[in-house]
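Heads up: the structure comes next, in structure tokens.
The values are calculated or read from the model by the stated rules, or taken from the named source; none is laboratory data. All values reported here derive from a predicted model rather than from experimental measurement. Cβ atoms come from the backbone with ideal geometry, glycine included; neighbour counts cover every protein chain shown.
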Amino acid sequence: MPKYHSKIDAYGTVDELISYTGLLRDYYDNAYYKNVLAEIQDRLMTSSSLLAADCDGCEDELPQVKMEDIEFLEKEIDKMEQQLPPIRSFLLPGGNPVVSICHITRTICRRAERITIKVAEEFKVDERVIIYLNRLSDFFFVLSRLISKELGAEEIVWKPRL
């Protein structure tokens, strides 16, 4: 399989996401979320191993992404949203370096999801991996807003020129 194959692109992009999640964990000084981000990295390693697997039936020997993992993200999103004002317009990434890292992580997650969906057209991909990536990008968006609030950074509202 060539290095540019979509399957390798998928698990390579998840690997990139794991690295940026680690960078975010290193820069975000919140003990609770450092643990959450470490858990996310573990689930992403599982996702990457599932995407890289090239065998029939070997899923039984690999760790799995479970519905509980997805539910964990959804509960975390709900907890964070309870602490935030409703969003009334699009936001531009920025306001603080940690917020920007979180947004970069979010966009890599979106790319990983798109590539994984493409791979699923040709190869067997557990749909929970795709759902996890989808919910994870939402998690990173809400986390960026929470970090802005915690650090007193301005949320930069996009004001379109009409």
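Regarding M1, is this residue assigned to a helix (DSSP H, G or I) and out of contact with any Gly (no Cβ under 7 Å at 6 or more places or on another chain)?
Values: assigned to a helix (DSSP H, G or I): no; out of contact with any Gly (no Cβ under 7 Å at 6 or more places or on another chain): yes.
Answer is no for this residue.
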Here the residues within the range 141-160 that are in contact with a helix residue (DSSP H, G or I) (Cβ under 8 Å, 6 or more places away or on another chain) and without any contact (Cβ under 8 Å) to a residue 60 or more places away in the chain are F141, S144, S148, L151, A153, E154
Only unsatisfied item for L51, checking (1) surrounded by 20 or more Cβ atoms within 10 Å (Cβ to Cβ); (2) under 13 Å from the mean Cα position of the chain (by Cα), is (2)
TODO: Return yes when E74 is without any contact (Cβ under 8 Å) to a residue 24 or more places away in the chain and either within 24 Å of A10 (Cβ to Cβ) or in contact with a helix residue (DSSP H, G or I) (Cβ under 7 Å, 6 or more places away or on another chain) (or both) and no when it is not.
DONE: no
Q.
Suppose the filter is closer than 28 Å to Y11 by Cβ, surrounded by fewer than 18 Cβ atoms within 10 Å (Cβ to Cβ) and not aliphatic (A, V, I, L, M); does S144 pass it?
A. no
message: Condition (residue is within 14 Å of the chain's Cα centre (by Cα), free of Cβ contacts under 8 Å to residues at least 40 places away in the same chain and either within 23 Å of V142 (Cβ to Cβ) or assigned to a helix (DSSP H, G or I) (or both)) applied to the range 56-70: is it met by at least one residue?
response: no
Examine the range 74-93 for a residue that is out of contact with any Leu (no Cβ under 7 Å at 6 or more places or on another chain), at pLDDT below 95, under 30 Å from H5 (Cα atoms) and not in a helix (DSSP H, G or I), and state whether such a residue exists.
no
Screening C102, C109 for residues that are touching a residue at least 12 places away in the same chain (Cβ under 8 Å) and closer than 25 Å to V125 by Cα leaves only C109
